[in-house]
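Enquirer: Sharing a structure here in structure tokens format.
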Amino acid sequence: MSARSRVVRFGFGRIGFGVGRRRLVVSYGRGRAQTAELFRPAGPGPHPVVVVLHGGFWQAAFGRGLMTATCVRLAECGYAAWNLEYRRMGLGGGWPATFEDVAAGIDALADVAGVDLDLGRVTTLGHSAGGQLALWAAARPGLPAGAPGASPRVVAAGAVSLAGVLDLVGAAEHGVGGGAVTQLLGGGPDAVAERYALASPMARLPLRVPQLLVHGERDRHVPVDISRRYADAARAAGDDLELVTPPAVAHMELIDPDSPTWTVVVDWLNRRR
């Protein structure tokens with residue numbers, strides 16, 4: 001893939017959510033998974049952007065459709081939502097392809113024509129495995145030269161993790177996702193330590209951008225202690241971070257825009273507009 005992503009405009013079309021909402025589908029690479037969908041808010045821009053990254057433990061069985069309702073709600077709240085797809089395991093993903101795709105897909109925002117976006121106000125937001133990718137993407141300016149995702153063209157000004165897998169070493173050691181982390185990175189923390197050092201948000205601290213972590217205490221897929229440990233480490237490193245752990249919330253509730261917890265996300269975003 002070239003350093004400058006190739007974006008193909010497929011056109012605007014109506015979607016079946018809300019009145020007057022429009023979408024723009026683009027391709028940032030040649031693979032069928034290398035696409036993104038822009039949900040554009042009503043009214044004049046420039047619009048702040050939220051890059052949305054779905055979860056599913058980086059597996060091909062799960063796609064960006066998981067986040068459609070979330071993107072619709074973000075657009076209703078005045079944000080341009082960039083629902084980013086990427087290669088997952090089973091579709092050519094894993095290390096480094098998944099990370100290269102997320103980086104290229106975010107940088108492709110700089111090439112989208114005909115939409116008034118404020119690329120100085122970009123927030124990355126992800127759920128579960130997407131939470132890991134969202135915080136990793138926010139840490140891209142600190143990656144060493146030559147690493148996957150280094151030298152970003154579009155830099156995140158903030159990041160939101162919803163039940164994110166933010167400590168890949170700890171997640172691998174405890175078998176979170178049934179061994180999905182070792183599959184993603186091609187080995188355990190001892191075997192490919194350099195990959196964990198580049199890919200894990202915990203290892204990239206400080207991120208140097210404001211962060212919101214929301215993680216339900218009833219989560220049975222990604223233990224809430226992962227977010228708690230990450231929050232402690234991030235604050236100790238000097239990062240501006242808020243952690244919210246609603247006691248009666250499980251894993252998938254966090255991407256339901258009609259849930260009471262979703263107001264936490266919108267309020268945090270609005271305070272930084």
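Enquirer: Among the listed residues GLY142, GLY90, which satisfies the condition of being open to solvent by 10 Å² or more (accessible area, probe 1.4 Å), without any contact (Cβ under 8 Å) to a residue 60 or more places away in the chain and out of contact with any Phe, Trp or Tyr (no Cβ under 9 Å at 6 or more places or on another chain)?
Expert: Just a single option satisfies the conditions, and that option is GLY90.
For every residue, the table says whether it meets (1) surrounded by fewer than 20 Cβ atoms within 10 Å (Cβ to Cβ); (2) among the aromatic types (Phe, Trp, Tyr); (3) under 21 Å from LEU198 (Cα atoms).
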| position | (1), (2), (3) |
| --- | --- |
| ALA42 | yes, no, no |
| VAL49 | no, no, no |
| LEU53 | no, no, yes |
| ALA60 | yes, no, no |
| LEU66 | yes, no, no |
| ARG73 | no, no, no |
| GLU76 | yes, no, no |
| TYR79 | no, yes, no |
| TYR86 | no, yes, yes |
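Enquirer: Same structure again: Is it fair to say GLU242 is touching a residue at least 12 places away in the same chain (Cβ under 8 Å), in contact with a Ser or Thr (Cβ under 7 Å, 6 or more places away or on another chain) and of a type in the set (Asp, Glu)?
Expert: Taking the combined requirement at face value, the residue does not satisfy it.
Enquirer: Now a separate question. Looking only at segment 210-238, count how many residues are open to solvent by 60 Å² or more (accessible area, probe 1.4 Å), without any contact (Cβ under 8 Å) to a residue 40 or more places away in the chain and under 24 Å from PRO260 (Cα atoms).
Expert: 5
Enquirer: Check LEU117, LEU109, LEU84 and return the single one that is under 17 Å from GLY29 (Cα atoms), in contact with a helix residue (DSSP H, G or I) (Cβ under 8 Å, 6 or more places away or on another chain) and among the hydrophobic types (A, V, I, L, M, F, W, C).
Expert: Residue meeting the stated conditions: LEU84.
Enquirer: Please pick out the residue among ALA3, ALA33 that is assigned to a loop (DSSP other than H, G, I, E, B), at pLDDT 50 or above and more than 17 Å from ASP256 (Cβ to Cβ).
Expert: Being assigned to a loop (DSSP other than H, G, I, E, B), at pLDDT 50 or above and more than 17 Å from ASP256 (Cβ to Cβ) holds for just one of ALA3, ALA33, which is ALA33.
Enquirer: Given the criteria more than 13 Å from the chain's Cα centre (by Cα), of a type outside the set (Val, Ile, Thr) and farther than 22 Å from LEU213 by Cβ, does ASP118 qualify? Reasoning before the result, please.
Expert: Values: more than 13 Å from the chain's Cα centre (by Cα): yes; of a type outside the set (Val, Ile, Thr): yes; farther than 22 Å from LEU213 by Cβ: yes.
It is true that ASP118 is more than 13 Å from the chain's Cα centre (by Cα), of a type outside the set (Val, Ile, Thr) and farther than 22 Å from LEU213 by Cβ.
Enquirer: Among the residues of segment 249-265, count how many are among the aliphatic types (A, V, I, L, M), outside any loop (DSSP other than H, G, I, E, B) and surrounded by 18 or more Cβ atoms within 10 Å (Cβ to Cβ).
Expert: Adding up the residues that qualify gives 4.
Enquirer: Can I ask one more? Being open to solvent by less than 10 Å² (accessible area, probe 1.4 Å) and closer than 21 Å to ASP256 by Cα is the filter here; which residues of segment 118-139 pass it?
Expert: THR124, LEU125, GLY126, HIS127, SER128, ALA129, GLY130, GLY131, GLN132, LEU133, ALA134, LEU135
Enquirer: Something else about it: For segment 159-209: of the residues being in contact (Cβ under 8 Å) with a residue 40 or more places away in the chain and at positive phi, which is most open to solvent (accessible area, probe 1.4 Å)?
Expert: ARG208
Enquirer: Here's another thing I want to ask about it. If we scan segment 108-129, do we find a residue that is of a type in the set (D, E, K, R), over 21 Å from VAL266 (Cβ atoms) and not in a helix (DSSP H, G or I)?
Expert: Yes, some residue in segment 108-129 is of a type in the set (D, E, K, R), over 21 Å from VAL266 (Cβ atoms) and not in a helix (DSSP H, G or I).
Enquirer: Return a yes/no flag: does segment 99-117 have any residue that is surrounded by fewer than 24 Cβ atoms within 10 Å (Cβ to Cβ), modelled with pLDDT of 95 or more, touching a strand residue (DSSP E or B) at 6+ places or on another chain (Cβ under 7 Å) and among the aliphatic types (A, V, I, L, M).
Expert: yes
Enquirer: So, one more: Search segment 73-87 for residues that are modelled with pLDDT of 95 or more and pair each with any residue that is in a strand (DSSP E or B) and among the hydroxyl-bearing types (Ser, Thr, Tyr) when their beta-carbon atoms are under 7 Å apart and the residues are at least 6 apart or on different chains.
Expert: Short answer, once both residue conditions are applied: GLU85/THR35.
The values are calculated or read from the model by the stated rules, or taken from the named source; none is laboratory data. Keep in mind that what you see is a predicted model, and the values were worked out from it rather than measured. Every residue, glycine among them, receives a Cβ derived from its backbone with ideal geometry; neighbour counts consider all protein chains shown. Just so you know, the surface numbers come from the protein's heavy atoms only, side chains and all, with ligands and any DNA or RNA stripped out. Shrake-Rupley method; radii C 1.70, N 1.55, O 1.52, S 1.80 Å.
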